[in-house]
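Chemist: Please find one structure pasted underneath; my questions will follow.
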Amino acid sequence: MGRVYNFSAGPAVLPEEVLKEAAEEMLDYRGCGMSVMEMSHRSKMFQDIIDEAEADLRDLMNIPDNYKVLFLQGGASQQFSAIPMNLMKNGVADYIITGQWAKKAYQEAKKYGKANAIASSEDKTFSYIPDCSDLNVSEDADYVYVCYNNTIYGTKFPEVPNTKGKILVADMSSCILSEPVNVEDFGVIYFGVQKNVGPAGVVVCIIREDLIRDDVMEFTPNMLKWKTQADANSLFNTPPCYGIYICGKVFKWLKAKGGLEEMKKINEKKAAILYDFLDNSKMFKGTVEKGSRSLMNVPFVTGDKDLDAKFIAESKAAGFENLKGHRTVGGMRASIYNAMPMEGVEKLVEFMKAFEEANTK
Ligand SMILES: *Cc1c(COP(=O)(O)O)cnc(C)c1O
């Protein structure tokens, strides 16, 4: 069987070129006679892999020198605890609640200090991004927290929120490297890689150096203390070596494609194919307000549960995988990350058109 068009929200599609290259190097990485999975994380061979991955990520995102890049384990969810532990000095943080991931981070932060929900879009099932131009930021907030792209609901911040001078912390798991961002607008950017970069098991944290401190909450586990990890250049203990190696290959793939300006153009074009169809269809509708739409995750519904189920079954049979919406939202969701080819979206829209015709009386 050939490869399917995989619209999974995560773990998600990876570039075929990268998978092929990894397959070629599986048994013997560049003449060293072993797989990257089998080599010491203290070897020169692996040091080169992680150094190159970091250099390429810095290059792609234009990460300034006063930011550290850490390759860690524990997924994005582990940072939900690490962030308050490392950043709460006054014991106060403000959270913008735009979906389940932001809410989970907020609930976790409450264990460690005073977490305030200063904006939310829960009133309309998270189908929009609240106005963040004049937020009620707490005077003593140690940081303001956002989930930049909401994987489940398909929204993305159209602009950087105005935090009134407070440090901005952003979970960019599902939009990282999909378009350029100005790293200096953020104190911390972090992302679990299994959405848009690599295999599950790696979380990357990009942290402004002055936020990496020794005086964290005293009970902070050594492993969750950013300083521990930064001082050891992500090699405090055994890092997720193979995952980092694949991420490195994806960074090179993105550079070869022309970098993030180019990815933005491609992603906008790709998303427009789907959104234009949804805006004109009589059967399918997008669920997100226009100004808040994600380039990466596109939820849509027919408004009829049985018809949704029929669509999901028939699309699967036609080679379009993982179009079922999140269990809390229902309907469908097409995740169209960097590695989803334009052709995949074009074919999906063709299929949707045909489905609409066949199922309209
Ligand atoms: C998937 C996802 C997470 C959770 O990631 P894990 O690595 O499974 O902990 C957090 N935030 C966002 C935005 C996500 O899409």
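Chemist: Spin-label point model (7 Å from Cα, Cβ direction): what's the residue 28 to residue 289 distance in nm?
Modeler: 6.0
Chemist: Ignoring any ligand, DNA or RNA, what whole percent of the accessible area of segment 239-361 comes from carbon and sulfur when the probe is 1.4 angstrom?
Modeler: Summing carbon and sulfur atoms, their accessible area is 52 percent of the total for segment 239-361.
Chemist: Per residue, how much accessible surface does the chain expose to a 1.4 Å probe? Answer in Å², no decimals.
Modeler: Solvent-accessible surface per residue comes out at 44 Å².
Chemist: Starting from the Cα of residue 282, step 7 Å along the direction of its Cβ; do the same at residue 361; then give the gap between the two resulting points in nm.
Modeler: Inter-label distance under the simple model: 1.3 nm.
Chemist: For 244, 273, what's the largest-to-smallest order of accessible area, 1.4 Å probe?
Modeler: 273, 244
Chemist: Tell me the relative contact order for the chain as a rounded percent, counting alpha carbon contacts under 8 Å between residues six or more apart.
Modeler: 23
Chemist: Between beta-carbons, use under 11 Å as the cut-off and find the net charge around residue 179, counting Lys and Arg +1, Asp and Glu -1.
Modeler: Net charge around residue 179: 0.
Chemist: Still on this structure, I have one more. Run the numbers for residue 222 and residue 314: contour at 0.36 nm per residue of separation, minus the present Cα-Cα distance, in nm.
Modeler: Stretched fully, the residue 222-residue 314 segment lengthens by 28.2 nm.
Chemist: Something else about it: If amide hydrogens are placed 1.01 Å from N in the peptide plane, which non-local residues have theirs closer than 5 Å to the one on residue 334?
Modeler: Sorted by chain and number, the residues that satisfy this are 298, 300.
Chemist: Okay, helix-only estimate at 222 nm for the chain: each DSSP H run of n ≥ 4 adds -39500 (n - 2.57), divide by all residues, round to 500 deg cm²/dmol; what do you get?
Modeler: -11000 deg cm²/dmol
Chemist: Once the Cβ-Cβ distance between residue 114 and residue 162 is put in as r, and R0 is 25 Å, what FRET efficiency do you end up with, to the nearest 0.05?
Modeler: It comes out at approximately 0.70.
Chemist: Using a 1.4 Å probe, how large is the accessible area of residue 220, given in Å² and rounded to the nearest 10?
Modeler: Roughly 20 Å² of residue 220 is accessible to a 1.4 Å probe.
Chemist: Right, here's the next one. Segment 237-317: percent of C-alpha pairs farther apart than 17 Å?
Modeler: 64
Chemist: How large is ³J(HN,Hα), in whole Hz, for each residue of segment 32-41 in order, when computed from phi with the Karplus curve 6.51 cos²θ - 1.76 cosθ + 1.60 and θ = phi - 60°, using x for Gly and Pro?
Modeler: 8, x, 8, 7, 4, 5, 9, 9, 5, 6
The values are calculated or read from the model by the stated rules, or taken from the named source; none is laboratory data. Quantities reported herein were computed from a predicted structural model and do not represent experimental measurements. All Cβ positions, even for glycine, are placed from backbone atoms using ideal geometry, and neighbour counts span all protein chains on display. With ligands, DNA and RNA removed, areas are computed over all heavy atoms of the protein, side chains included. Shrake-Rupley method; radii C 1.70, N 1.55, O 1.52, S 1.80 Å.
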